[in-house]
């Protein structure tokens, strides 16, 4: 394969690790290299290696000057035939097409890491061990341009826990509040949402129980306590992602203890998520991801409706059973 010039994208990338916020930012940077109509996102449980290759080949026929991007999420579920299809493709990739494979789980036994290391690049973003989390949080504050006291990062970890998505959400909230002012332990203790705060979990538990009235009531309570719709949406997105993961592992025959170990989550959280997974099918959880992505776009300005109304509409869609949605339509 010919050498790749500095700054030029490689034909294939594999992105792995447990640091979901950093993975999201890496994907955002990749998408920014392409036009809004120049990338396609596939789910590995619905699209195999041949479909991913076909997407690269078909997009390549219409690739403009900026090239095209094909993103495949959840490639840890791929089988040998899927990996062989990609291996054959990267021997002669489409010029201007970039194939990005994202693994949410274990790739043990997979040929993808070695294949992507040879033909492209492997990007691994891991959340540090608990004892190193304060340093990781300090890096998030620096990225956000926040001037934080040494104790602020430790305080945030003590209050929020070791969930990277939750820590990132709280750091962003603190950054928006600070407005350039220095943040210390006192500000963190006043503003950060504790991981064991019952109200913080109420909306997720109500959604997981498929309790429409409870979900809307919990949402209203959060809003009345000053929570921003974006923060509530992020919290729900994190829970939906966890429920999808534990459901997939449970279908492989793993119990709560083994799933917790694999995902590096507290067993209590995994057991809760397994209970939620019993109330939603895989298709419904996939649809929930789409709904939350649309909500994220709406809350960032794509809708003229208020954030509170967009959030409420999304919650109704998330909890409603398919037959109810059909009846309303």
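Computed from the coordinates by the stated procedures, all read-outs in this text should not be read as laboratory data. It should be emphasised that the depicted structure is a prediction, and the values quoted were computed from it without experimental measurement. Please note: Cβ atoms are built from the backbone with ideal geometry, for glycine as well, and neighbour counts cover all protein chains shown.
What ranking do 142-149, 212-219 get when scored by the average of other Cβ atoms within 10 Å per residue, highest first?
Packing order, densest peptide first, comes out as 212-219, 142-149.
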Taking a ≥ b ≥ c as the square roots of the eigenvalues of the Cα gyration tensor, with a/c under 1.5 meaning rounded and otherwise prolate when a/b exceeds b/c and oblate if not, region 197-329 is prolate
Expressed in nanometres to one decimal, the distance between label points 7 Å along Cα→Cβ at residue 144 and residue 209 is 3.1
Taking Cα atoms, the helix 307-319 axis meets the longest principal axis of the chain at an angle in degrees (rounded to 10) of 70
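Given R₀ = 30 Å, what would the calculated FRET efficiency be for residue 25 paired with residue 220, taking r from the Cβ atoms and rounding to 0.05? The partial results should precede the final answer.
Numbers: r = 32 Å, r/R0 = 1.06.
Given R0 = 30 Å and the Cβ-Cβ separation, E is 0.40.
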Taking Rh as the Kirkwood radius computed over alpha-carbon pairs of region 96-201 and applying Stokes-Einstein at 10 °C with viscosity 1.306 mPa s, one gets a diffusion coefficient in µm² s⁻¹ of 100
Where a ≥ b ≥ c are root eigenvalues of the Cα gyration tensor, a/c under 1.5 meaning rounded, otherwise prolate if a/b exceeds b/c and oblate otherwise, region 12-124 counts as oblate
Among region 93-108, those whose backbone N falls under 16 Å of a label point 7 Å along Cα→Cβ from residue 264 are 103-108
So the angle from the long Cα axis of helix 49-61 to the longest Cα principal axis of the chain, reported in degrees to the nearest 10, equals 70
Over all Cα pairs of the chain, the Kirkwood radius sets Rh, and Rg/Rh then becomes 0.97
Stretched fully, the stretch from residue 10 through residue 290 gains (0.36 nm per residue minus C-alpha distance, one decimal, in nm) 98.0 nm
Rounded to the nearest 5, the percent of DSSP beta bridges in the chain running antiparallel is 0
Final fewest-first order of 135, 38 on the 10 Å Cβ neighbour count is 135, 38
Distance in nm between residue 118 and residue 189 label points, each 7 Å along Cα→Cβ, equals 5.7
Taking Cα atoms only, helix 80-90 is inclined relative to the longest principal axis of the chain by an angle, in degrees rounded to 10, of 60
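Find the relative contact order for the chain and round it to a whole percent, using C-alpha pairs within less than 8 Å whose residues are 6+ positions apart.
Here the relative contact order equals 14 percent.
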One finds the C-alpha centres of region 241-313 and region 134-183 to be spaced, in Å, by 24
